[in-house]
1. Give me the one-decimal Kirkwood hydrodynamic radius in Å for region 11-179, with the sum taken over alpha-carbon pairs.
2. For Thr134, what residues show an amide H to amide H distance below 5 Å, using hydrogens built from the backbone and excluding near sequence neighbours?
3. Between beta-carbons, use under 15 Å as the cut-off and find the net charge around Arg310, counting Lys and Arg +1, Asp and Glu -1.
4. Percent of alpha carbon pairs in the chain separated by more than 26 Å?
5. ³J(HN,Hα) across region 227-236 via Karplus (A = 6.51, B = -1.76, C = 1.60, θ = phi - 60°), whole Hz, x for Gly/Pro?
6. Could you compute how much accessible surface Cys83 exposes when probed at 1.4 Å, giving the result in Å² to the nearest 10?
7. Could you work out the longest stretch of the chain that avoids the GluC sites (Glu not before Pro) located in DSSP loops with at most 12 other Cβ atoms within 10 Å?
8. Run lengths n ≥ 4 of DSSP H only: what is the helix-derived mean residue ellipticity at 222 nm for the chain, with -39500 (n - 2.57) per run over all residues, to the nearest 500?
Amino acid sequence: MNNFSFQVPTTIHFGEGQIRKLASSLKVYGKNVLLTYGGGSIKRSGLYDTILDELKNDFNIFELGGVEPNPRIETVVKGAEMCRTHDIDVVLAVGGGSTIDCAKGIAAARFYDGNPWDFTSNSRLVTKALPIVTILTIAATGSEMNGGSVLTNLETKEKLSFHSRHVIPKVSILDPTYTYSVPSYQTMAGSADILSHLFENYFNKTPDTMVQDGIAEGLMRTVYHYTPIALKNPEDYGARSNLMWASSMALNGLTGSGKAGIWSCHGIEHELSAYYDITHGIGLAIITPRWLQHILSDKTADKISQFGHRVFDLTLDANRMTTAQETIRIVYETFVSWGVPMTLGEVGIDDSLLEEMAVQAITHKPLNTETYVSLSKDDVHEILKMSLTEMNF
Ligand code: NZQ
Ligand code: ZN
């Protein structure tokens, strides 16, 4: 295990009815609130009215609605301008990863004179940010409890991130009932994203990380157990609460600290999202089993079969390749059983730009040197080509 510092200063108010802590959470920062939200789900669910009711007496609310899934840099610029104009004290982000990531960009851009897109090539440019409070409405990214922000620049076809402790939310309200209205497509995408965050840290070269791996295995079992329940009955509190907490735990440093190296599937998926504006978690579900298949070898069979043994209760075959192959089959078939579209064609992607995206993936991330198994441009291209057709086992 490598050296690390671990600090997650987000106060979590978890459970039904925790919205009553909202006013007191905001009050410590001031009266002028920038309320950011997405395309309208919070209006349809009634959460928007609840929030305005909670805040009606003591706050001046300024609104920035319409934050896009795969949030645009232009929206960040617009929000930062609103913060300056209205002397905003605190940003309240209500929604999923897109709204929260956009809020992080806004909070940091408020104090930055240049183009906030600069943050994606140098996170150190973020030296200060407005405080952020979030109300999470979908279990997926973990953005509610980390310092990451993923922004999209459609003009340059880039989807890139910045990371800063300054934008870790101060408070996040996690009421699982707010996720009852998440459609099944987004529910499965969210679960695939949570799993991917766990996989990306689990398949890592750093030895002796049993603490992190054990926590990750427990979280993976949780997601595999509860996702079909939430899909069948969207208002199952037990399922929604476990998925919500798993979302936060999967990407708050708990399973990733003490490890070196960068992630494989996210670097590839972010190119799919940047070029085709697809749902992040669906892209990950498509890429992940192909990536596992592509990297399967004598060197990786032990870890992949360990995952299958501990998460899917597979018997460890004397020939680890057999167990590892069965593990990959289950990863794929489970996504199929949830109803995830599992080929690129089903999400509107053909073979015309696969090579270009492979080049970009390597340009944006050192996938060829610093991943669990190094991936050249040709490897990424091959994984993308594999994603055009169904997998047969
Ligand atoms: O925009 P609205 O109308 O709210 O609808 C959203 C959106 O269409 C809908 N939704 C959310 N909560 C709902 C709901 N619909 C009904 N009822 C509810 N309660 O779901 C759709 C997706 O929302 P979005 O915020 O985009 O989802 P998600 O949380 O998956 O966020 C995805 C973004 O986060 C980035 C992704 O790349 C993507 O841009 N990521 C952020 C990370 C981070 N900050 O740590 C890490 C991740 O790996 C990821 O890259
Ligand atoms: Zn993700």
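1. 15.5
2. Under 5 Å from the amide H of Thr134 lie the amide H atoms of Ala93, Val171, Ser172, Ile173, each far enough along the sequence or on another chain.
3. Numbers: positive: Arg221, Lys303, Arg320; negative: Asp213, Glu217, Asp302, Asp313, Asp317, Glu326.
Net of charged neighbours comes to -3.
4. On the way: 39105 of 77028 pairs.
Of all Cα-Cα pairs in the chain, 51 percent lie more than 26 Å apart.
5. 4, x, 5, 5, 5, 6, 10, x, 9, 7
6. For Cys83, the solvent-accessible surface is approximately 0 Å².
7. On the way: sites that count: Glu16, Glu155, Glu235, Glu390.
Result for the longest clean stretch: 236-389.
8. On the way: 14 runs with 182 residues, N = 393.
For the chain, the value works out to -14500 deg cm²/dmol.
The values are calculated or read from the model by the stated rules, or taken from the named source; none is laboratory data. What you see is a predicted model; the values in this text were computed from it and never measured. Glycine also receives a Cβ, built like all others from the backbone with ideal geometry; neighbour counts cover every protein chain displayed. To get the accessible areas, we keep the full protein, side chains included, count just its heavy atoms, and leave off ligands, DNA and RNA. Shrake-Rupley method; radii C 1.70, N 1.55, O 1.52, S 1.80 Å.
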